[in-house]
Amino acid sequence: MSCSRNFSLIIFLFLYNPVAIAAEAIGELDILQLMDMEISTASRKTSPISRTAAAAYIITRDDIRRSGATSIPEALRLAPGVSARQIGPSEWSVSIRGFDGRFAPKLLVLIDGRSVYTPTFGGTYWSMQDVLLEDIERIEVVRGPGAALWGANAVNGVINIITRPASKELGSVAVARIGSQEHSGGLRWTSQPGSDLPFRGYVKSTHGDSFENSAGFDQDDDFSRHQAGFRSDWLVGERDQFSVHGDVQRLDQSRASIIPDPLAAPDYNIRRLNKASADSYNLVGRWQRSLAVDSEFSLQVYYDHYDREDLVYLDRRDTLDVDFQHQFGYGTQQQLIWGFGYRVSNDEVNTLINIGTVGPVRETSEIFSAFIQDEIEISEGKTWLTLGAKLEDYSLGDPELLPNLRLLWLPVANTSLWGSVARAVRTPSQGETRASVDLLVLQPSTALNPGGLPIVFQQQGNPLMAPEDLIAWELGARWQHSETLTFDLTYFLNQYENLRTSQLGSLQLAASSTHLVQSLPIANGIEGDVYGIELAADWRVQDNWRIQLALSSLTADLSVNPGVNQPPGTVIADEKNTPEQLLSLRSSWTPRPNIEVDVWLRYTAEVAVASPVLNFLGSNPIDDFVSLDTHIAWRPRPNLELSLIGKNLLDEHHPEAEAEVWSTRGEVPRSLQVGLKFDF
Amino acid sequence: MFKQFTLWCLVAAALGSVVFPNASAETGSPQLKAVYTLNFAKFTHWPDDYVQGDSLGVCYTDQASVAQGLANTSVTQIGDKSLRLRRINLPGNVSGCHVFFVHDQDPQRLRRYLATLRGLPILLVGDSQDFVDSGGMVELFELNRKIRFRINLGAIRQSGLRLDAQLLNLAVEVIR
């Protein structure tokens with residue numbers, strides 16, 4: 001690959017720089033001299049080079065605040081290799097290492113240990129995922145499979161959103177933001193500091209205005225989201241820690257959908273206002289017990305409910321999940337973790353207009369799982385080998401064994417090299433196995449349909465669909481050039497089998513004789529490789545100035561299996577539905593202790609196939625684009641912050657992404673927002 | 001497209017080839033705290049059967065503020081013992097640790113870890129708020145732009161360690 005040569009060039013150039021080891025004279029000072037020394041600079045909170053044998057990136061709460069991000073998907077853009085493109089004010093296409101989409105099914109997302117991946121369509125309802133951003137401790141973004149720990153659907157990545165424990169909260173806060181595109185308000189209140197039963201509660205409301213399309217017509221996709229929640233963490237004795245947290249949410253959103261209707265001559269595909277509402281709540285309880293200095297266990301139970309209904313379908317789901325894990329040292333070189341889990345999920349899905357069927361309306365699915373992982377320190381402080389595997393048994397499919405081998409080597413203190421090979425699977429969504437839905441009507445007497453009857457393209461679920469299968473190979477290097485400059489480079493090769501595709505099925509006259517139905521049955525029909533590189537660099541130019549660079553590039557090389565009959569003219573959407581290059585360059589400057597100035601430049605390469613479904617009718621590419629966001633904050637008093645956030649400043653509007661079906665394309669506008677944050 | 005990407009690669013390379021100033025003239029609080037931590041070892045006496053061989057183990061958790069300072073220290077010798085640095089993820093194996101700088105972002109989890117370390121002949125140093133009240137032994141804190149410390153003598157005695165009187169005299173506070 002031509003770019004890996006470029007990266008070797010970068011590394012070559014860097015090797016000429018002297019490795020800065022702080023060989024400080026103060027190391028020789030005695031304690032009396034030490035007590036006389038003044039702290040001369042603001043402390044740099046750098047830590048030694050990561051010892052994780054995975055392409056893991058931590059987005060800190062400071063990063064989020066300084067980025068000006070006002071939603072979780074925006075914050076995810078801070079991590080290298082994450083494609084987070086906005087479809088509408090509340091809808092996003094978020095993915096890692098390819099396979100973008102509103103429902104990117106190969107990415108597992110967890111909020112405080114609770115999975116928000118929905119098996120109905122496979123993916124995450126991003127419009128329903130929110131927290132008070134001020135409560136986030138960090139977001140861990142792991143690129144590459146995490147199936148040996150997290151199970152199925154942790155195929156291309158795992159995103160773990162972690163809020164602060166209530167015992168860590170510093171106090172109550174009120175936040176308000178008013179802007180040209182989005183308004184939000186939030187309030188968090190906490191128990192007294194030092195309380196034996198630390199508690200925090202929050203409320204948050206967000207409202208986003210509609211986008212417009214390229215011609216300036218309103219997309220009717222505004223939204224309102226109201227959310228409240230709480231968290232409490234407490235110790236019983238010295239070794240038992242309990243946590244309870246929960247959230248409730250109401251979401252109202254709409255969008256303009258193009259609904260196919262073979263009886264609606266002459267247009268057949270009718271633009272309709274698609275209003276959606278969703279109610280959700282969850283409750284999580286966790287017990288962690290320290291058994292010894294090298295041993296602890298945790299037991300987590302959660303209940304999650306959502307009830308989403310729009311013009312087209314309703315989706316109600318209740319999930320109960322129990323997870324136990326135990327970690328302990330074995331000898332002086334081994335650290336073992338094992339655990340088991342049970343998840344039961346009950347859902348009700350139904351279409352609300354005449355657009356297809358969804359098979360059994362109610363269904364209960366169960367997953368039993370068990371995992372074990374052994375981290376072996378082969379040579380002290382230098383080499384670690386991690387072996388792990390998870391076994392999952394699904395009530396709706398065959399059991400899967402998901403193994404993983406990782407090796408980490410620290411040849412010198414400032415460099416770490418790692419490699420990994422892992423297997424992961426994506427289990428078929430219920431939409432893929434049982435739903436039959438109308439996608440589009442081809443008008444009669446046109447070039448594509450010269451006949452006299454309209455043709456309905458109908459996607460047909462396949463009850464025999466097998467899981468998509470991945471063997472992932474990764475190599476990574478982290479290098480700390482100096483205390484102020486670090487690099488993180490990863491190469492990955494993902495080898496897929498059994499990827500989903502649509503076949504050309506039969507063309508039949510509908511029972512009503514009013515139209516023809518062209519069925520497109522779903523099949524496991526594609527295999528091949530996706531490979532690429534990801535680079536992150538973090539340079540603290542001065543104590544008050546930091547530059548962060550993230551670059552990623554991928555290439556998908558997929559092919560249709562022999563015997564799979566795609567509609568003529570179909571391109572393999574999974575090869576082309578992802579921007580192949582992403583660049584993020586961020587400058588965080590603190591000219592004065594109470595003033596922050598942040599500038600964030602991003603480049604997103606073009607997407608050749610933005611309409612993956614029925615792309616033989618047209619692929620509607622999206623051009624590459626450059627975005628510029630800024631965040632300026634001023635604290636006139638220690639407990640008061642005023643901020644000015646600008647997003648997408650370089651152009652008036654541009655498209656970033658589009659939903660897979662029934663969609664109209666909106667454009668992301670330039671926007672400004674003023675914010676006020678008050679600690680009390 | 002690759003052309004564009006090549007361009008970024010070169011931009012990145014250009015950024016990197018600037019020679020960066022060393023931060024060695026500065027003594028930020030992590031570096032100072034790291035030196036304090038190493039110095040405490042000079043004033044500490046371990047049970048005879050615990051110090052084995054010629055090396056003295058100074059351990060630290062990944063999240064510790066001093067981690068960077070310790071990892072890059074030029075010190076190789078403490079008294080007549082050679083220094084052995086080790087990073088530890090808790091829960092984890094702490095054998096070979098004589099001094100342990102313990103930090104965790106979650107104050108309650110830190111308390112749990114400190115409870116599991118109680119009674120072991122390891123000098124527990126930290127800079128979290130209420131570190132000595134949570135079961136730690138030496139707590140570093142900042143006062144008027146200087147580093148000061150308080151000592152939990154009860155926890156130290158319980159673990160079988162002894163501290164030199166000179167160090168106790170320098171502490172802002174000694175909890176017995």
Residue match in region A:504-513 (condition: without any contact (Cβ under 8 Å) to a residue 40 or more places away in the chain, surrounded by fewer than 22 Cβ atoms within 10 Å (Cβ to Cβ) and touching a helix residue (DSSP H, G or I) at 6+ places or on another chain (Cβ under 9 Å)): no
Residue that is surrounded by the fewest Cβ atoms within 10 Å (Cβ to Cβ) [pool: residues in region A:213-254 that are within 14 Å of chain B (Cβ to nearest Cβ) and among the β-branched types (Val, Ile, Thr)]: A:236
Residue within region A:48-60 that is touching a helix residue (DSSP H, G or I) at 6+ places or on another chain (Cβ under 9 Å), at pLDDT 90 or above and more than 7 Å from every other protein chain (Cβ to nearest Cβ) present: yes
Residue pairs meeting the criteria (Cβ under 8 Å; at least 6 apart or on separate chains; first without any contact (Cβ under 8 Å) to a residue 40 or more places away in the chain and at the interface with chain B (Cβ under 8 Å from one of its Cβ atoms), in region A:277-306; second surrounded by 17 or more Cβ atoms within 10 Å (Cβ to Cβ) and charged (D, E, K, R)): A:296/A:289; A:296/B:112
Residues located in region A:399-447, provided they are of a type in the set (Asp, Glu) and either within 20 Å of residue A:158 (Cβ to Cβ) or part of a helix (DSSP H, G or I) (or both): A:400, A:432
Residue that is in contact (Cβ under 8 Å) with a residue 24 or more places away in the chain, part of a strand (DSSP E or B) and within 14 Å of chain B (Cβ to nearest Cβ), where the choices are A:348, A:377: A:377
Only listed residue being modelled with pLDDT under 95, over 24 Å from the mean Cα position of the chain (by Cα) and closer than 30 Å to residue A:268 by Cβ, chosen from A:414, A:354: A:354
Subset of region B:43-64 [within 16 Å of residue B:137 (Cβ to Cβ), at the interface with chain A (Cβ under 10 Å from one of its Cβ atoms) and assigned to a loop (DSSP other than H, G, I, E, B)]: B:43, B:64
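Regarding region A:410-419, can at least one residue be identified that is touching a residue at least 24 places away in the same chain (Cβ under 8 Å), buried (at least 18 other Cβ atoms within 10 Å of the Cβ) and either under 22 Å from residue A:500 (Cβ atoms) or among the basic types (Lys, Arg) (or both)? Spell out how you get there, then give the answer.
Going through region A:410-419, the residues touching a residue at least 24 places away in the same chain (Cβ under 8 Å) turn out to be A:410-411, A:413-419.
With buried (at least 18 other Cβ atoms within 10 Å of the Cβ) added as a condition, the list becomes A:410, A:414, A:416, A:418.
Filter once more, keeping what is either under 22 Å from residue A:500 (Cβ atoms) or among the basic types (Lys, Arg) (or both): none.
No - not one qualifying residue is present in region A:410-419.
Of all residues in region A:63-75, how many are of a type in the set (A, V, I, L, M, F, W, C) and closer than 14 Å to residue A:91 by Cα? Steps first, please.
The first filter runs over region A:63-75 and keeps only residues of a type in the set (A, V, I, L, M, F, W, C), leaving A:64, A:69, A:72, A:75.
With closer than 14 Å to residue A:91 by Cα added as a condition, the list becomes A:72.
Looking only at that region, the number is 1.
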Per-region count, region A:150-162, residues part of a strand (DSSP E or B), crowded, with 24+ Cβ neighbours inside 10 Å and in contact with a Lys or Arg (Cβ under 8 Å, 6 or more places away or on another chain): 1
Tally, over region B:115-154, of residues that are surrounded by fewer than 22 Cβ atoms within 10 Å (Cβ to Cβ), in contact with a Leu (Cβ under 9 Å, 6 or more places away or on another chain) and of a type in the set (A, V, I, L, M, F, W, C): 2
Lone unmet requirement of (1) touching a Leu at 6+ places or on another chain (Cβ under 7 Å); (2) more than 30 Å from residue A:454 (Cβ to Cβ) for residue A:439: (2)
Odd one out for residue A:103 among (1) over 21 Å from residue A:59 (Cα atoms); (2) at pLDDT 95 or above: (2)
Residue in region A:429-447 that is of a type in the set (S, T, N, Q), at pLDDT 95 or above and crowded, with 22+ Cβ neighbours inside 10 Å present: no
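Based on what the data block shows, is residue A:175 buried (at least 16 other Cβ atoms within 10 Å of the Cβ) and over 30 Å from residue B:113 (Cα atoms)?
Details: buried (at least 16 other Cβ atoms within 10 Å of the Cβ): yes; over 30 Å from residue B:113 (Cα atoms): yes.
Criteria met by residue A:175.
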Extreme residue, farthest from residue A:214 (Cα to Cα), among residues of region A:81-113 that are in contact with an Asp or Glu (Cβ under 6 Å, 6 or more places away or on another chain) and not in a loop (DSSP other than H, G, I, E, B): A:83
Counted residues, region A:586-644 - those being small (Gly, Ala, Ser), within 30 Å of residue A:663 (Cβ to Cβ) and within 14 Å of chain B (Cβ to nearest Cβ): 2
Which numbered condition residue A:387 fails, given (1) modelled with pLDDT of 95 or more; (2) under 30 Å from residue A:504 (Cα atoms); (3) aliphatic (A, V, I, L, M): (2)
Given (1) buried (at least 17 other Cβ atoms within 10 Å of the Cβ); (2) closer than 24 Å to residue A:284 by Cα; (3) among the small types (Gly, Ala, Ser), number of the condition residue A:195 does not satisfy: (1)
Residue satisfying all of: in region B:103-132; more than 14 Å from the chain's Cα centre (by Cα) and in contact (Cβ under 8 Å) with a residue 40 or more places away in the chain; farthest from residue B:41 (Cα to Cα) among these: B:105
Residue ID - surrounded by the most Cβ atoms within 10 Å (Cβ to Cβ), chosen from residues in region A:72-107 that are of a type in the set (S, T, N, Q) and in contact with a helix residue (DSSP H, G or I) (Cβ under 8 Å, 6 or more places away or on another chain): A:90
Matching residues, region A:225-265, being of a type in the set (Lys, Arg), more than 29 Å from residue A:310 (Cβ to Cβ) and part of a strand (DSSP E or B): A:231
Qualifying residue in region B:33-42 (condition: more than 10 Å from chain A (Cβ to nearest Cβ), of a type outside the set (Lys, Arg) and either surrounded by fewer than 23 Cβ atoms within 10 Å (Cβ to Cβ) or in a loop (DSSP other than H, G, I, E, B) (or both)): yes
Within region A:622-672, tally of residues that are assigned to a loop (DSSP other than H, G, I, E, B) and within 23 Å of the chain's Cα centre (by Cα): 13
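Scanning for something in contact with a His (Cβ under 9 Å, 6 or more places away or on another chain) and at pLDDT below 50, does region B:57-65 turn up at least one residue?
Looking only at region B:57-65, we keep the residues that are in contact with a His (Cβ under 9 Å, 6 or more places away or on another chain), and these are B:57-65.
From what is left, the residues that are at pLDDT below 50 are none.
There is no residue in region B:57-65 that is in contact with a His (Cβ under 9 Å, 6 or more places away or on another chain) and at pLDDT below 50.
The values are calculated or read from the model by the stated rules, or taken from the named source; none is laboratory data. Keep in mind that what you see is a predicted model, and the values were worked out from it rather than measured. Please note: Cβ atoms are built from the backbone with ideal geometry, for glycine as well, and neighbour counts cover all protein chains shown.
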